[in-house]
């Protein structure tokens, strides 16, 4: 009579690299370039240069970082990076397809304002969760929430001055995100923290 053999114990999941520095870098660079135009530092006619970054680095690379965060079991990182990767992909199609299709509709600015407002709401509740991550990550989310809110107000207005302020806030957000990315990647290569991130206790 054959005896039933027990299944072998599951093997431990292979450790993967921390995807957070990649996700933060993709977010920071794309935000930086777009914010240069929102802050009126460059001619708005050149702003389509943002689209390749939005599609590939801010969008696809950040979305992949979110998927790897799922693999690591990090719900916060997975939700944040996947969502903001999707934001940049949505931005790409908004600028490339949706806005040209709306043409000269006088209320198009309200649609953009609504788009930005929805992202401000999402970022605001992610900010609450970021309190338990680190001071550096929390700073990114606080600044980003304010940036989205101000840009939304600028679109609803419409108000060029509010959009310009939102651009400068976006530049500050990008700088903090780059800092946090740099802190993460150098902590790995130097095998010790190089820059403080003030992790939650």
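The values are calculated or read from the model by the stated rules, or taken from the named source; none is laboratory data. Given the structure is predicted, the values throughout are model-derived calculations rather than measurements. Here the Cβ is made from the backbone with ideal geometry for all residues, glycine too, and neighbour counts use every protein chain on show.
Just to be sure, is residue 161 surrounded by fewer than 20 Cβ atoms within 10 Å (Cβ to Cβ), modelled with pLDDT of 95 or more and over 17 Å from residue 81 (Cβ atoms)?
Working: surrounded by fewer than 20 Cβ atoms within 10 Å (Cβ to Cβ): yes; modelled with pLDDT of 95 or more: yes; over 17 Å from residue 81 (Cβ atoms): yes.
Judged against the criteria, residue 161 is a match.
One residue is enough: does the stretch 165-180 have a residue meeting the conditions farther than 27 Å from residue 112 by Cα and in contact with a helix residue (DSSP H, G or I) (Cβ under 6 Å, 6 or more places away or on another chain)? Talk me through it step by step, then tell me what you get.
Just the residues of the stretch 165-180 that are farther than 27 Å from residue 112 by Cα, to begin with: 179-180.
Narrowing the set further to residues that are in contact with a helix residue (DSSP H, G or I) (Cβ under 6 Å, 6 or more places away or on another chain) leaves 180.
So far as the stretch 165-180 goes, yes, one or more of its residues are farther than 27 Å from residue 112 by Cα and in contact with a helix residue (DSSP H, G or I) (Cβ under 6 Å, 6 or more places away or on another chain).
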What are the residue pairs meeting all of these: first residue in the stretch 114-130, first residue within 24 Å of residue 200 (Cβ to Cβ), second residue surrounded by fewer than 16 Cβ atoms within 10 Å (Cβ to Cβ), Cβ atoms under 7 Å, and 6 or more apart or on different chains? 129/76
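Give, as residue ranges, the helices (runs of 4 or more DSSP H) completely inside the stretch 89-201 that count at least 3 residues that are within 20 Å of residue 65 (Cα to Cα).
Values: elements: 99-102, 108-130, 135-156, 160-189.
Per the criteria, 108-130, 135-156, 160-189.
Being in contact (Cβ under 8 Å) with a residue 40 or more places away in the chain and within 11 Å of the chain's Cα centre (by Cα): is that true of residue 86 here? It would help to see each step written out before you state the result.
Values: in contact (Cβ under 8 Å) with a residue 40 or more places away in the chain: no; within 11 Å of the chain's Cα centre (by Cα): yes.
It is false that residue 86 is in contact (Cβ under 8 Å) with a residue 40 or more places away in the chain and within 11 Å of the chain's Cα centre (by Cα).
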In the set 64, 55, 34, which member is over 17 Å from residue 167 (Cβ atoms), touching a helix residue (DSSP H, G or I) at 6+ places or on another chain (Cβ under 6 Å) and modelled with pLDDT of 95 or more? 55
Residue under question is residue 136, and the condition is that it be buried (at least 16 other Cβ atoms within 10 Å of the Cβ), in contact with a helix residue (DSSP H, G or I) (Cβ under 6 Å, 6 or more places away or on another chain) and closer than 21 Å to residue 28 by Cβ; does it hold? yes
Among the residues of the stretch 51-58, is there at least one that is surrounded by 22 or more Cβ atoms within 10 Å (Cβ to Cβ), over 13 Å from the mean Cα position of the chain (by Cα) and closer than 20 Å to residue 175 by Cβ? no
